[in-house]
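Enquirer: Have a look at this one before I ask anything.
Since every read-out is calculated from the coordinates, none of them should be taken as a lab result. Given the structure is predicted, the values throughout are model-derived calculations rather than measurements. Methodologically, a virtual Cβ is constructed for each residue, glycine included, from the backbone with ideal geometry; neighbour enumeration extends over all protein chains shown.
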Amino acid sequence: MAEMLDNMTGTTPALYGPGARQGLRARLRRLADAAVTPLDLDDVLDVFHPLRGGAELRARVVEVRPETAESATLVLKPGRDWTGHVPGQYVRVGVDVDGVRLWRTYSLTHGPRPDGCISITVKAIPGGVVSNHLVHSTAVGTMIQLAQADGEFVLPDPLPAKLLLVTAGSGITPVIGMLRNLFSRATAPDVDIVLVHVNVDADSAMFRDELRAHAMDGHLRLVERYDVRDGVLDVATLPDLVPDLPERLAYACGPAGLLDALEAHHAELGLDLTTERFRTPVLEASGEGGTLTLASGATVDAPGDKPLLDVAEDAGALMPSGCRIGVCFGCVVPLREGVVRDLRNGAITVAAPGDGVNIQTCISAAAGPCAIDR
């Protein structure tokens, strides 16, 4: 009897210690899983509490705010396991479109938010399945998959005395996150910032009014360039736009052509430049292409200038992916056989059955018939 009383009052560690509690939780979990068969408890919790800690990381869309006719900001409430980000970083989001989950990478565009939400700003590109879906078809309440923030396109700490930011089109998205973070501080940072922002026209310029307000408040000097008015930016004229160019630490984000020109320009002058590329640079002459055979047995045409990742997704295959620029290795799959070309440098990879060759599908294109195990 004394032993029973001790057990009831919790004085017997063997029965009421951490091990016993874990065993009880395991038994309760098994009972709960049995009660909701053929589902399991996580399936039920995903419906009622999808953002809980320990669950697969997701986010709920709480606002969709148009920025231009072809772009929108999505404000997201992330799950409890979201670990935060450094301004300038990006996030992978998984979106279900017509029953297929597609992953894309977008820059985080918010500053500090007391509600714990995050935001991405998406520009719809012609033929872009995910970007058009997010901009034009996503409703508040939609759940999307989420990965943790990543990327090295971040400002140094401490900040330099002078900073140059060059952006074009949606290349403003990581930079607006940087600026919102800097200008939300109680004390403005002691840094001289010049922002050269390039767009086709004023109507296509995201965050135009916000950037102009920062310029009016003296936070930065804004150089607005519009192709229809000023012509395409010639980077050789950059010293005219920014006379103290050699004194400024430079960051740039935009189309590959602009970044290539800026990198060559700064290298010639012996200046440092940090860039962020949204898509991998592709060779002009990338071959005749071929065919891609998927693990399902389906064979589709594969142009020589199109990543196998895009070819497979267009064919309805659910593919692993990440950054889509050859950095994160989230898209690696076995090349069962065939020949592919690296779109960055033209390197050819050939595999025969049993060779055990892996490739990155986001930067590999068909250079003849090829087959992957996915």
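Enquirer: When only alpha-carbon atoms are used, what values of Rg and Dmax, in angstrom, describe the range 97-241?
Expert: Rg then Dmax for the range 97-241, in Å: 17.0, 52.
Enquirer: For a quick check: sort L273, L74 by the number of other beta carbons within 10 angstrom, fewest at the front. Don't skip to the end; give the middle numbers.
Expert: Working: L273 18, L74 24.
Final ranking by Cβ density, sparse to dense: L273, L74.
Enquirer: List the relative contact order of the range 290-372 as a percent without decimals, with contacts defined as Cα pairs under 8 Å and 6+ residues apart. Write down the numbers at each step before the final one.
Expert: Working: 186 pairs, mean separation 31.9, N = 83.
Here the relative contact order equals 38 percent.
Enquirer: If I build a Gaussian network model for the chain, linking alpha-carbon pairs within less than 10 angstrom, which residue out of A59, A202, A295 has the largest mean-square fluctuation?
Expert: Fluctuation is largest for A295.
Enquirer: Once you list every other residue whose beta carbon is under 11 Å from the beta carbon of V86, what net charge do they have if Lys and Arg are +1 and Asp and Glu are -1? Don't jump to the answer; show the numbers that get you there.
Expert: Working: positive: none; negative: D150, E152, D157.
Once all neighbours under 11 Å are counted, the net charge is -3.
Enquirer: A follow-up question, please. Can you tell which of L259, L24, L134 shows the greatest fluctuation in a Gaussian network model of the chain with Cα springs below 10 Å?
Expert: Judging by the Gaussian network model, the answer is L24.
Enquirer: In deg cm²/dmol and to the nearest 500, what is the mean residue ellipticity at 222 nm of the chain if only DSSP H runs of at least 4 residues count, each as -39500 (n - 2.57), divided by the residue total? Let's see the in-between values first.
Expert: On the way: 11 runs with 95 residues, N = 374.
Mean residue ellipticity at 222 nm (helix-derived): -7000 deg cm²/dmol.
Enquirer: Which residues does the label zone of C117 cover in the range 68-107, counting backbone N under 14 Å from a point 7 Å along Cα→Cβ?
Expert: It comes to 73-79, nothing else.
Enquirer: Go through [x] 21.9; [y] 23.2; [z] 23.8 and flag the label whose value is the computed Kirkwood radius over Cα pairs in Å for this structure.
Expert: Derived directly from the coordinates: [z].
Enquirer: If you take every DSSP beta bridge fully contained in the range 290-372, what fraction is antiparallel? Give it as a percent rounded to 5. It would help to have the intermediate numbers written out before the result.
Expert: Details: 18 of 20 bridges.
Taking every DSSP beta bridge with both residues in the range 290-372, the antiparallel ones total about 90 percent.
Enquirer: So in the chain, what percent of DSSP beta bridges are antiparallel if you round to the nearest 5?
Expert: 65 percent
Enquirer: Further question on the same structure: If the chain between A186 and R52 were fully stretched, how many nm would it gain, using 0.36 nm times the residue separation less the Cα-Cα distance?
Expert: Values: separation 134, 0.36 × 134 = 48.24 nm, distance 3.27 nm.
Difference between extended and current length: 45.0 nm.
Enquirer: Go ahead and set up a Gaussian network model of the chain, Cα springs under 10 Å, then flag whichever of V200, V130, V75 fluctuates most.
Expert: V200
Enquirer: What nm value, rounded to one decimal, do you get for the distance between R27 and E247 when each label is placed 7 Å out toward the C-beta?
Expert: Going by the 7 Å Cα→Cβ label model, 7.5 nm.
Enquirer: Between the range 306-374 and the range 137-192, how far is it from one alpha carbon centroid to the other, in angstrom?
Expert: The range 306-374 and the range 137-192 have Cα centres separated by 32 Å.
Enquirer: So if each residue of separation counts as 0.36 nm, and I subtract the Cα-Cα distance between V300 and D314, what length gain in nm does that give?
Expert: Values: separation 14, 0.36 × 14 = 5.04 nm, distance 0.96 nm.
Here the segment from V300 to D314 would lengthen by 4.1 nm.
Enquirer: Subtract the Cα-Cα distance of D98 and D355 from 0.36 nm times their separation in residues, and report this length gain in nm to one decimal. All intermediate terms of the calculation are to be shown ahead of the outcome.
Expert: Numbers: separation 257, 0.36 × 257 = 92.52 nm, distance 3.54 nm.
Between D98 and D355, full extension yields an extra 89.0 nm.
Enquirer: Just want to confirm a number: the relative contact order over the range 162-276, from Cα pairs under 8 angstrom separated by 6+ residues, in percent. Show your work: numbers first, answer last.
Expert: Numbers: 153 pairs, mean separation 37.6, N = 115.
That works out to 33 percent.
Enquirer: To continue, here is another question. Which percent, to the nearest 5, of DSSP beta bridges fully inside the range 171-302 are antiparallel?
Expert: Numbers: 4 of 14 bridges.
DSSP beta bridges in the range 171-302 are roughly 30 percent antiparallel.
Enquirer: Using Cα positions and a limit of under 27 Å, work out the lysines in reach of K123, with same-chain residues fewer than 8 apart set aside.
Expert: K77, K306
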